[in-house]
Amino acid sequence: MAHNPWHRRGRGRTRKGVAAWPPQRDLERRRLRHLVDAIGAVSSDMDTRTVLHRIVEAATDLVAARYGALGVLSESGKVIDLITVGIDDPHLCADMGLPQGHGLLHTLVDDREPLRVADVAAHPRSVGFPSGHPPMGTLIGVPLIVRGTVYGDLYLADKKDGTPFDDDDEGLLTALASAAGVSLENARLYENLKRAAEHFQRRMLPVLPDLAPLKVAARYEPASVLPRLGGDWYDAMTLPDGATCVVVGDVTGHDVEAAPLMGQIRNMLRALALDRGEPPGQVMSRLDHALTMFDDPPTATLVLGRIERGREGGGEYTFSWSNAGHLPPLLVGADGSTRYLAPARHGIPVGIDASVSRYSHEHPLLPGSTLLLFTDGLVERRDQDIDTGLDDLAEQASRLTTAPLEELCDALISRSRQVFDDDVALLALRTPLDSPKGGE
């Protein structure tokens, strides 16, 4: 019979002779598994406040505490936010206000060491609880330290089984706090990266010129999750012959290369549009040929348009455009009527095949008309067909046909509750009304 390495090593035996974990070892194993699960839960998100809330949830669950809280500290050590678990009344914390940073809780910050209190009321540094605060008898807390800086104090009160907090609880909570500090730092770096990427992207977009008598407004919103460096852009300018050139486009890809490529394509397109008074289709064709200079030509979808006033100088304008695989512009009449400008001859994205013909199309812009050019992030959602998004956009734009353009753009952006699966670029133009009393 082979030697059993588990034989006579302090383990219990089942009736069938199979070795079993002793109760204490089994408890340790479950607590370790619980700690690993808690660390995993804390590390599963990159939003700072979500990470903070998960830290408190994981801590209270880990040691079976009734109450948990995390006081977030400013650089000066003042409590600037409080995340709680276990208090059922959502208005109670707001009514009590933030902790004042003294008493027992400040001991964590001053000493930078774990704290265990068997009787909160009897502790010499206890200052009591504010009115309405649930009574708490026992407390355990640890400072949350990120690279030598105390970011907050995490504390729990009253175990559900009524027993005091012990060494094992302190060890688990300290281990969780150490891992949580790494997750918290990652979340803060993530937030800083999002802000820096968005700032970089916005700096690459133009300041819109005065196109009077046309009204113009634009918006850019990055995707709601990283990467926030994208290739969406808008542009508008007055051409040498007096016409207005408008562009909305989207470079393929969402990485660090997309934004610089967007800048290159935008600048090339500007130069080509300013060079000659050509129809948009011819300008687009020349852009195709210019992109062949790249070893690996970038690709982009875009709408390039040209807006000209009628030769007789009346109130009617003409919009001529070329579409390179992009969503069609939306035209909203002064009466609220809507129409997507989507002719049958729809071009492919630029940068794919310079030999493919480009087409120009024309449509009148009546007085008081609003023209919307946008990228797919405005209407595309993972959980719905894009046609639904296009219909919703047209319906809301119709209701806002007389609203100022800035208000219109804000409303169209906010219709998505500020959550975007992709970047959004939106350019809106409006022709003047004949009657001076009816305009914006």
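Applying both filters, DSSP loop and at most 16 other Cβ atoms within 10 Å, to the trypsin sites (Lys or Arg not before Pro) of region 274-307 gives Arg276. Remark: accessible surface ordering of Arg430, Arg112 (largest first) is Arg112, Arg430, probe radius 1.4 Å.
Largest accessible area first, the residues Asp235, Asp295 order themselves as Asp295, Asp235 under a 1.4 Å probe with ligands, DNA and RNA left out. Within the accessible area of region 304-377, what % is carbon and sulfur when the probe is 1.4 Å and the other protein chains stay in place? Ligands and nucleic acids excluded, carbon and sulfur reach 48 percent.
So, counting K/R as plus one and D/E as minus one, what does the shell of residues with Cβ under 9 Å around Asp169 add up to?
Net charge in that neighbourhood comes out at -2.
Suppose a student asked you for the relative contact order of region 289-414, using Cα pairs under 8 Å spaced at least 6 residues apart; what percent would you report? Averaging sequence separation for qualifying contacts and normalising by length gives 26 percent for region 289-414.
Solvent exposure of Lys215, expressed as accessible area, is near 100 Å², computed with a probe of 1.4 Å over the protein chains only. Principal semi-axes of the equivalent ellipsoid, √(5λ) from the alpha carbon gyration tensor of region 273-334, are 28, 16, 6 Å from largest down.
A probe of 1.4 angstrom, applied to the heavy atoms of all protein chains, finds Leu172 with accessible area near 20 square angstrom. Taking label points 7 Å from Cα along the Cα-to-Cβ direction, Met237 and Thr402 give a separation of 3.7 nm. Ordered from highest to lowest accessible area with the whole protein assembly present and a 1.4 Å probe, Ile55, Ile80, Ile386 read as Ile80, Ile386, Ile55. Here the ratio of the Cα radius of gyration of region 328-376 to 2.2 N^0.38 Å is 1.40.
The values are calculated or read from the model by the stated rules, or taken from the named source; none is laboratory data. For clarity, every value in this text was computed on a predicted model and none was experimentally measured. We place every Cβ from the backbone using ideal geometry, glycine too, and count neighbours over all the protein chains shown. All accessible areas refer to the heavy atoms of the entire protein, side chains included, with ligands and DNA or RNA removed. Shrake-Rupley method; radii C 1.70, N 1.55, O 1.52, S 1.80 Å.
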